[in-house]
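In what follows, a structure is listed as structure tokens, so that the remarks can point back to it.
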Amino acid sequence: MFTNLLKDRIFLLLSLLIFLTSCSTWDNFTTYFNLYYNASELFQKAEKQITEQKKDIFSIEPSTIPPVAGADLQKVIEKCSHILQFSPNSSYVEDALMMLGKSFYYQKNYLKGRRKFEELISSQPNSDYVLEASLWIGKCDMRLKNYTDGLAILKDVRDKAIEEGEEEFMQEAFIEEIVYYKSVYDYTTAIQTANEFLAVSDDNEINAIVWNEVGNLNVTIEDYPAAVKAYQNVFEYSPDYELEVTAKISLGKVLREIGENQEALTLFEDMRSEDKYLDKYSEIDLEIGITESTLGKYDEAISQLTIVDTTYKNTPNSAVAKYEIGLVYEYGLNQLDSAAVYYKKASVSQLPKEYISLARDKDRLFTRYISLRNDLNKYDKQLFYFENPEEFKKDSALYVQDSLAIAEEIANAKEFQESWSGLSDLLVGTQDTTGYYRDSLIVADTLITFLKDSLEYENVNRDSIFSWVKNPKPQDSLLVAKFDSMFTNRTFDPAAKQKFEQEKREREALANQLTASLPDTLKFKNNPPRLPNITEDSLKTLLAKNQLNLGNLFLSEFDMPDSAYKYYYSNLTEYPNNSYYATSLFALGSYYLTVDNQESADSLFNIIYDNYKNESIVNAAAVKLDKPLIDLDYDPALEQYTQAENLILAGDYSSALFELEKIPNDFPKSAVAPKAIFASGWIEENELNDPEAAVEYYDTLIARYPASDYVRIVAPKVSFYKQEKRREELALADSLNELTSPDSLKTDTIQVAEETVTPQDTVQVSVAEEEQTPEQQGNNTESGNNKTPVVKEPVWNPRKR
């Protein structure tokens, strides 16, 4: 609409040139007319480039501005601003304002754009651009997230456009609303708005596009019957080629969703039979393969999808075909290993955006499956060797024998390949009249037979004959002539050269096939029989863990409950004494729920609830049984510690110590145990004033619970106490040494008559006196006047230390 108005105005302004007579007026007119004309040309070119970037009119993604268009828009802004500044009263103003507003909008400067549209309406209230400017104000509000105002303006614009017959503005207003509702995921309102548009629109081309969008929106909300009707309505409006193809393929997909698989297959096969869809064959072939899979024709589906994968290599459809083959193997044929291969291929291919996360999730899932299965096989084999050491010896011997045999086969294969390669290259470049290798061999052998009695050529062989033929010397001219003459009477195939090359390729293929058919020796050599390097219990625990995880995959991810049951049951029967037993019971109960066996499931959940109250899985069972949850943090030692605390508060320290001492003995793994020992030491230290007893408790705490937080509290005290104790002992020892030295025994009251008395003598005398009976002591006293005076016992007696 805006373009048509521009053309009309340009034509009118050109007509006015005839009536202009003043030179100054003419100069001003031509100046601003050229400025306006250049601006309008630049704007139309830039707007066309921008609109062509957005092929889907209902896309919620913003339009991109090509660099050239961006530069043109900046020039338009400069030229239009110049017109407004120097010719504010000219007839170019409303056009300049409209171009300015749109230019700012395309540059995503929506606030400036809105101001220009408002300025146009306020300054030119009777302009033909008022309705269009209002439309763009609404669009600016939507981009500025003023949704309430924007929607109100757009509704007013479309109502006025319907009244005035302005089809273009009505369409743009409706489209803007539909795009908004899509962006906020209000698909139902978007469908309702689209239906309102279709009720008033007479444009067949745009109606076909809107019906296709209605179909897409219904697919999004999974209203597939409504989507079928919408896509079918597209063909009532003669859509263009691209829309026709898109709608037909979408219709076929929706028919699959509602179970009309055969009808969908017929639609796709009809499209495939028409040459006009030649450029869409890859997508059509892909949909045929997917549809055959939904019909249960798995072999045909894999064949068809493989054709897509190989025929249209390195295309998005080829990548999707890999993913769909994986689905067929997983869900149709239950061949998980093959599915894993194709999911891996798909995840690293050029997938469409909607398939990328799906393929990556599948690849991660199946990589985990392969890893679990390989680990399970490895640990199972090691357990077998652990329980059957003789089998390990046998397998080791077989491994060595197989390695030697394979090495010999490879050597033979390489020799075979090298010999053929040497023979095939022997005559390359020769000027033989036929180039036919087989005939050359026949001739050479004939010559050898012919020359066998010749002394000159008694050692002749094929290699020497071929060498002479390829590089003849004068002395060998007769032999070479004989070699050539043997071909003159033979009838040769004119295509002998091609036959020779063909046979050469066949021989090489045969050699390659022989080599390829051998086992992968590198992998074989790196996987010899191995004895386990862990205990039998550890192996069984690993097996139970892997079987449980693998069973969970089969039950929850692969929807193969029978396979899950096999692994759960194996855990419970083959590995009953492991840490995964209770969890395996719960998993088996979950299996019974999936097969609607509530009684068996509840029986297993009750076993867990009654017998495994210290494991976290017990509360999962409690939820299934609708029973009270178990406090997994409950510690019976805590209750006993509380009783001890009450005794401490009551001043009954002896009873408190008795209760506290029982806790680390009865509950050594409890978090309360180190606290109880610490409390015992604290009572001895602070309430009973017995530091030695306190240190004994603290030493026990350090020895039994070195990682406890209480150790950091008592360790400095214990260390200081022991240092002081050691210091006192050393000081006392020094005092003893001083008292027992010879000098300390010399006093004024002690007289030594005949010899010097040593500390040892003093000790002996003291001991002797103490060991005497009272009678002996009396006799000594009576006769004391007639004997030598006895040395008296010192003040400090070592025996009473």
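The values are calculated or read from the model by the stated rules, or taken from the named source; none is laboratory data. Small disclaimer: the values here were computed from a predicted structure and weren't measured. Cβ sites come from the backbone with ideal geometry, for glycine too, and all protein chains shown count toward neighbours. Ligands, DNA and RNA are stripped out before the accessible areas are found, and what is left, the full protein with its side chains, is counted by its heavy atoms. Shrake-Rupley method; radii C 1.70, N 1.55, O 1.52, S 1.80 Å.
Assign one of three labels to the range 243-313, namely rounded, prolate or oblate, based on the Cα gyration tensor with a ≥ b ≥ c the square roots of its eigenvalues; rounded applies when a/c is under 1.5, prolate when it is not and a/b is larger than b/c, and oblate otherwise.
It is oblate, given that a/c is not under 1.5 and a/b is not larger than b/c.
What does the net charge come to around residue 381 if you take all other residues with beta carbon closer than 12 Å to its beta carbon, with K and R at +1 and D and E at -1?
Summing Lys and Arg as +1 and Asp and Glu as -1 gives -3.
Net charge near residue 625: determine it from the other residues with C-beta under 12 Å of the C-beta of residue 625, scoring Lys and Arg +1 and Asp and Glu -1.
-1
Go ahead and run the numbers for FRET between residue 353 and residue 307, Cβ-Cβ distance against an R0 of 25 Å, rounding to 0.05.
FRET efficiency, residue 353 to residue 307: 0.55.
Label points 7 Å out from Cα along the Cβ direction at residue 726 and residue 666: separation in nm?
3.9 nm
Got a sec to turn the phi values of the range 610-624 into Karplus ³J(HN,Hα) couplings, 6.51 cos²θ - 1.76 cosθ + 1.60 with θ = phi - 60°, whole Hz, x for Gly and Pro?
8, 10, 10, 6, 9, 10, 5, 5, 4, 6, 5, 5, 4, 5, 5
For the range 522-598 and the range 161-188, what is the separation of their Cα centres, given in Å?
Their Cα centres are 58 Å away from one another.
Modelled label-to-label distance, residue 270 and residue 535, 7 Å Cα→beta-carbon offset: nm?
So the two model labels end up 7.3 nm from each other.
With a 1.4 Å probe and all protein chains kept in place, how do 675, 108, 145 rank by accessible area, largest first?
Output order, biggest surface exposure first: 145, 108, 675.
Residue 128 to residue 200: extension gain in nm, 0.36 nm per residue of separation minus the Cα-Cα distance?
Length gained between residue 128 and residue 200: 23.6 nm.
Between residue 623 and residue 572, with labels modelled 7 Å along Cα→Cβ, what's the label distance in nm to one decimal, could you check?
2.1 nm
To the nearest 0.05, what FRET efficiency results for residue 736 and residue 687 with a Förster distance of 35 Å applied to their C-beta separation?
0.50
Scan the range 265-322 for trypsin sites (Lys or Arg not before Pro) in coil per DSSP, keeping those whose Cβ has at most 15 other Cβ atoms within 10 Å, and list them by number.
Listed in order of number, the matching sites are 313.
Determine which residues of the range 209-230 fall in the zone a paramagnetic label at residue 294 would reach in this model, i.e. backbone nitrogen under 18 Å from the point 7 Å along Cα→Cβ.
215-230
At 1.4 Å probe size, with the rest of the protein present, what percent of the exposed accessible area of the range 147-267 is carbon and sulfur atoms?
45 percent
Taking R0 as 56 Å, what's the FRET efficiency between residue 109 and residue 595 from their Cβ-Cβ distance, rounded to 0.05?
0.30
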